[in-house]
Amino acid sequence: MKVDWNKLGFDYVKTNVNIRYEYKGGEWSEMQVTEDEYIPMHISTTCLHYGLECFEGLKAFKGADGKVRIFRMDENAKRMQSSARKLCLPIPTQSMFEKACYECVQRNIDFVPPYGSGASLYLRPLLIGTKVGLGVKSSPEAMFIVFCSPVGAYFKDGMKPIKVIIDRMQDRAAPRGTGDIKAGGNYASSILSGEKAHVMGYSNVMYLDAVEHKYIEECGAANFFGIKDNTYVTPKSPSILPSITNKSLRQLAQHLGMKVEERPISVEELGEFSEAGACGTAAVISPIESVYDIDTEKIVRYGEEVGPVSLKLYNMLQDIQYGRAEDLFGWTKVVERA
Ligand code: PLP
Ligand code: COI
């Protein structure tokens, strides 16, 4: 095994094994461990046609003390259960989800990047409807997989604020749709505007609500937050994915004595924040340098330097993830070597 830890991006790297469970005849199989990176699949499998699929994303970190910690996998388990419920897919149990993540890290422990590289091991739990059929209906058969890949530091040269664009050409999710779960279809409907933004030199699209196109929803594949008057403000809407990073940052902000508000944030309010950022597992915190509204041609600038509150929250979160600070909230699970 040879991985150049300093050259890792956010890409698939082959590891030792992945973990699988199959659901058939009303029950989950025993856990299977396989080196096989492929899934044999009939051409008429539901997940290929009707988007009966959801996934998760979480990370394991090699700490300053040499221990490997998985971050908040209980929360990812709960979110996958709510995704499965909404897609009428068989629901993985909390314990099988956590066991699969733990096994996946333990059996691929040499792929957890070393402390100090800024890299981590990204876990990708995946749930697919495997029933063969042609009609649009739920899938009583499923496969649950957890695989992993070492991924690089999001910011190779330290945190670098990003430019984002508001573009109303494409809605990510509707209020009564699937925006609040991690369904693949949500990402499908963000590709076109995302590609356009990249061509124009922006890192992310800031998605607005699909009804009035007035309120902030998400920032690419991450939640949005703004800081003003010692308050951490983040959007509230039925079509936003409840980010576990955002939830953690809210807890940390409260711990710092800040106020926390979850409420609709209009595009007009963007100019009132002293700092703004995107947050998620992959990005941790991406501070926002500027937001350009393509329709009104207005631009809000937060600056090229990382704001002090964003930096403080980022450090607090990473200190817990890398075992440099006490895990005050019980967020991490240490993985022992087998
Ligand atoms: N919003 C979307 C659309 C995402 O894809 C993600 C990534 O997981 C997030 C928010 C952030 O969620 P989390 O912090 O749980 O990774
Ligand atoms: C994550 O942050 O974990 C994500 O899932 C974002 C993206 C890579 C889909």
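Which of the residues that make up segment 235-250 are open to solvent by less than 40 Å² (accessible area, probe 1.4 Å) and within 16 Å of ligand 2 (Cβ to nearest atom)? Steps first, answer last, please.
Going residue by residue through segment 235-250, those that are open to solvent by less than 40 Å² (accessible area, probe 1.4 Å) are 235, 237, 239-241, 243-246, 248-249.
Hits for segment 235-250 are Ile240, Leu241, Ser243, Ile244, Thr245, Asn246, Ser248, Leu249.
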Got a sec? Which of Asp4, Asp11 is surrounded by fewer than 15 Cβ atoms within 10 Å (Cβ to Cβ), within 22 Å of Val151 (Cα to Cα), at pLDDT below 95 and under 23 Å from the mean Cα position of the chain (by Cα)?
Asp11
Restricted to segment 185-202 and to residues being in contact (Cβ under 8 Å) with a residue 40 or more places away in the chain and within 13 Å of ligand 1 (Cβ to nearest atom), the residue most open to solvent (accessible area, probe 1.4 Å) is Ala188
Scanning segment 94-133 for residues that are among the β-branched types (Val, Ile, Thr), under 20 Å from Ser29 (Cα atoms) and under 20 Å from the mean Cα position of the chain (by Cα) gives Ile128
Give just the number: which of (1) within 12 Å of ligand 1 (Cβ to nearest atom); (2) in contact with a helix residue (DSSP H, G or I) (Cβ under 6 Å, 6 or more places away or on another chain); (3) closer than 16 Å to Ala276 by Cβ; (4) open to solvent by 10 Å² or more (accessible area, probe 1.4 Å) does Val205 not satisfy?
(4)
Between a residue in segment 252-271 that is assigned to a strand (DSSP E or B) and basic (Lys, Arg) and any residue that is open to solvent by 60 Å² or more (accessible area, probe 1.4 Å) and at pLDDT 95 or above, which pairs come within a Cβ distance under 6 Å, given they are 6 or more apart or on different chains?
none
Residue satisfying all of: in segment 266-282; farther than 14 Å from Tyr302 by Cβ and surrounded by fewer than 24 Cβ atoms within 10 Å (Cβ to Cβ); farthest from ligand 1 (Cβ to nearest atom) among these:
Glu268
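What residue, of Val205, Val211, Val164, Val146, is assigned to a loop (DSSP other than H, G, I, E, B) and of a type in the set (A, V, I, L, M, F, W, C)?
Details: Val205 fails: assigned to a loop (DSSP other than H, G, I, E, B); Val164 fails: assigned to a loop (DSSP other than H, G, I, E, B); Val146 fails: assigned to a loop (DSSP other than H, G, I, E, B).
Going through Val205, Val211, Val164, Val146 in turn, just one is assigned to a loop (DSSP other than H, G, I, E, B) and of a type in the set (A, V, I, L, M, F, W, C): Val211.
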So for segment 146-163 (the condition being on the phi < 0 side of the Ramachandran plot, away from ligand 2 (no atom under 16 Å from the Cβ) and open to solvent by less than 10 Å² (accessible area, probe 1.4 Å)), does at least one residue qualify?
no
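Taking Lys59, is it open to solvent by 10 Å² or more (accessible area, probe 1.4 Å) and within 16 Å of ligand 2 (Cβ to nearest atom)?
Details: open to solvent by 10 Å² or more (accessible area, probe 1.4 Å): yes; within 16 Å of ligand 2 (Cβ to nearest atom): yes.
Against the criterion (open to solvent by 10 Å² or more (accessible area, probe 1.4 Å) and within 16 Å of ligand 2 (Cβ to nearest atom)), Lys59 qualifies.
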Pairs where the first residue, in segment 166-184, is over 18 Å from Glu56 (Cα atoms) and the second is assigned to a loop (DSSP other than H, G, I, E, B) and open to solvent by 50 Å² or more (accessible area, probe 1.4 Å), C-beta under 7 Å, 6+ apart:
Arg168/His213; Arg168/Asp295; Pro175/Val211; Pro175/Pro238
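How about segment 302-338: which of its residues are in a helix (DSSP H, G or I) and either of a type in the set (Val, Ile, Thr) or open to solvent by 40 Å² or more (accessible area, probe 1.4 Å) (or both)? Break it down into steps so the answer makes sense when it comes.
So the first thing to find is which residues in segment 302-338 are in a helix (DSSP H, G or I), and the list is 308-321.
Listed by number, the residues that qualify are Pro308, Val309, Leu311, Lys312, Tyr314, Asn315, Asp319, Ile320.
The values are calculated or read from the model by the stated rules, or taken from the named source; none is laboratory data. Keep in mind that what you see is a predicted model, and the values were worked out from it rather than measured. Note that we place each Cβ from the backbone using ideal geometry, even for glycine, and neighbour counts take in every protein chain shown. Side chains included, ligands, DNA and RNA excluded: accessible areas come from the protein's heavy atoms. Shrake-Rupley method; radii C 1.70, N 1.55, O 1.52, S 1.80 Å.
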